[in-house]
Amino acid sequence: MAQRLPNPRRAKIHRSYTVEEVAQLYLVHRNTVRQWIKHGLPLCDDRRPQLILGGELAAFLTRKRASNKRPCKVGEIYCVRCRTPQSPALNMADYDPLTATTGNLIGLCPTCGGTMYRRVSRSGLAAVAGNLEVRLTRGQERIDESNKSSVNSDFKAGT
């Protein structure tokens, strides 16, 4: 199971932490914190125990989180399975309204065949879609718009 990135705001910026304290704070293994140090997390000095400033820890985790972001360009939808934004297969997508103002842009991933979703406001649909052929689907019917009577209803059809 993939784990979320640690929240940088948990570190107190005016406190220094040992490797073990950082591991406990973010519920990760000590070796994970040591890997962060190898990948650029600055230490206070070269002495033992290795101390990490809270402000530096928060800044490092913020940079790490920002480097993992993959923003979608115009005409792209993010595929969670492939972990990349890409144009849907055949440049076709459906717009499924969720509320009066927003809905999901739904397409098929050309690489893995999975379903891709992108939340879009109805007013910004043209700007986000770009060269995609978007088909507007009708939202679900409301109860009062349905002509079928409920199974638990005492009313008979046609009366």
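Do you know which residues across region 115-159 are at pLDDT below 60 and either in contact with a Gly (Cβ under 6 Å, 6 or more places away or on another chain) or in a helix (DSSP H, G or I) (or both)?
ILE143, ASP144, GLU145
Look at region 17-43 and say how many of its residues are touching a Phe, Trp or Tyr at 6+ places or on another chain (Cβ under 8 Å) and either small (Gly, Ala, Ser) or touching a residue at least 60 places away in the same chain (Cβ under 8 Å) (or both).
1
Output the residues belonging to region 1-23 that are surrounded by 13 or more Cβ atoms within 10 Å (Cβ to Cβ), of a type in the set (Lys, Arg) and under 21 Å from the mean Cα position of the chain (by Cα).
ARG10
Among the residues of region 24-38, what is the count of those that are surrounded by 14 or more Cβ atoms within 10 Å (Cβ to Cβ) and either in a loop (DSSP other than H, G, I, E, B) or touching a Ser or Thr at 6+ places or on another chain (Cβ under 7 Å) (or both)?
Residues flagged as surrounded by 14 or more Cβ atoms within 10 Å (Cβ to Cβ) and either in a loop (DSSP other than H, G, I, E, B) or touching a Ser or Thr at 6+ places or on another chain (Cβ under 7 Å) (or both) within region 24-38 amount to 1.
Within region 1-60, how many residues turn out to be closer than 30 Å to ARG81 by Cβ and hydrophobic (A, V, I, L, M, F, W, C)?
Going through region 1-60 one residue at a time, the tally reaches 8.
Every residue in region 99-114 that is part of a loop (DSSP other than H, G, I, E, B), without any contact (Cβ under 8 Å) to a residue 24 or more places away in the chain and either surrounded by 13 or more Cβ atoms within 10 Å (Cβ to Cβ) or among the aliphatic types (A, V, I, L, M) (or both), please.
ALA100 - this is the single residue of region 99-114 that is part of a loop (DSSP other than H, G, I, E, B), without any contact (Cβ under 8 Å) to a residue 24 or more places away in the chain and either surrounded by 13 or more Cβ atoms within 10 Å (Cβ to Cβ) or among the aliphatic types (A, V, I, L, M) (or both).
Among CYS44, CYS72, CYS82, which is outside the structural domain of GLY124 (by TED's automatic domain parsing), closer than 30 Å to SER123 by Cβ and surrounded by 12 or more Cβ atoms within 10 Å (Cβ to Cβ)?
It is CYS72.
The values are calculated or read from the model by the stated rules, or taken from the named source; none is laboratory data. Here the structure is a predicted model, which is why all the values come from computation and not from measurement. No Cβ is skipped: glycine too gets one built from the backbone with ideal geometry, and neighbour counts run over all protein chains shown.
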